[in-house]
Amino acid sequence: MIDIEGLDTGPTATILTIAAQSFDPFIEGYENKPSFYTRVTLESQENRSINDDTIAWWATQPEAAKEAFHEDNRIPLDQALEGLHKLCWHADFVWANGPTYDMNILENAYRSFGRPQPWQFYKVRDARTIYSLWPDCPKPPVEHHALQDCKRQIIMLQQTFKHLGIKSIR
């Protein structure tokens, strides 16, 4: 599961944080599975976009969500993409909460550095569509912390698969 936090909604968005959590969609939880989380330097993204409406939206978020803006332990975007690559390159599927935000931005970022993305386009899966198949799926609040949101999305996906009796996917 991949989640990012950014400063715009288009494919060239400046990325604040990137997270990924490995998991098995048919087994509860994600403990003892590798994960990746990093904050990204803004200086390494001079050609990426920032939207005033997105900045204003961030200003309305709870203090805990603003962790994405902390300055400590940031790395350049190319290093962040390399770290994500190491976790994802061998995944059977790559999940995100919708096909048009996280994956489009990351794919654009990989292209901007002339690097191959670590997944094939046909391996990208949309978790939000799966949850919609069970309208009563319990939905914990979104934290807007990329790694915590990955974990939330995993739990919802696993619960939906279990509820619907889905035991495999292709």
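The values are calculated or read from the model by the stated rules, or taken from the named source; none is laboratory data. Quick caveat: nothing in here was measured; it's all calculated off a predicted structure. Neighbour counts run over all protein chains shown; Cβ positions are idealised from the backbone, glycine included.
Computed quantities for the displayed model
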| quantity | calculated |
| --- | --- |
| Filtered residues of region 42-61 (kept if free of Cβ contacts under 8 Å to residues at least 40 places away in the same chain and exposed (fewer than 14 other Cβ atoms within 10 Å of the Cβ)) | Glu43, Glu46, Asp52, Asp53, Ala56, Trp57, Ala59, Thr60 |
| Those helices (runs of 4 or more DSSP H) lying entirely in region 1-117 with at least 2 residues in contact with a strand residue (DSSP E or B) (Cβ under 7 Å, 6 or more places away or on another chain) and closer than 19 Å to Met156 by Cβ | 102-112 |
| Any pair with Cβ under 9 angstrom, 6 or more apart, that starts in region 123-139 at a residue that is without any contact (Cβ under 8 Å) to a residue 60 or more places away in the chain and within 15 Å of Lys151 (Cβ to Cβ) and ends at one that is of a type in the set (A, V, I, L, M) and not in a loop (DSSP other than H, G, I, E, B) | Tyr131/Met156; Tyr131/Leu157; Pro138/Ile155; Pro138/Met156; Lys139/Met156 |
| Among the candidates Gly114, Gly98, residue that is loosely packed, with under 14 Cβ neighbours inside 10 Å and modelled with pLDDT of 95 or more | Gly114 |
| Selected residue (criterion: nearest to the chain's Cα centre (by Cα)) from residues of region 160-170 that are touching a residue at least 60 places away in the same chain (Cβ under 8 Å) and either in a helix (DSSP H, G or I) or buried (at least 18 other Cβ atoms within 10 Å of the Cβ) (or both) | Phe161 |
| Of residues in region 118-152 being of a type in the set (Val, Ile, Thr) and in a helix (DSSP H, G or I), the one farthest from Ile27 (Cα to Cα) | Thr129 |
| Region 99-122, residues that are in contact (Cβ under 8 Å) with a residue 40 or more places away in the chain and of a type in the set (Val, Ile, Thr) | Ile105 |
| Failed item, numbered, when Gln148 is tested on (1) farther than 17 Å from Pro11 by Cα; (2) more than 12 Å from the chain's Cα centre (by Cα) | (2) |
| Verdict on Ile155 being more than 14 Å from the chain's Cα centre (by Cα), under 22 Å from Ile18 (Cβ atoms) and outside any loop (DSSP other than H, G, I, E, B) | yes |
| Yes/no for Asp92 being out of contact with any Gly (no Cβ under 6 Å at 6 or more places or on another chain), of a type outside the set (S, T, N, Q) and surrounded by fewer than 19 Cβ atoms within 10 Å (Cβ to Cβ) | yes |
| Residue in region 59-71 that is over 16 Å from Leu147 (Cα atoms), among the hydrophobic types (A, V, I, L, M, F, W, C) and at pLDDT below 95 present | yes |
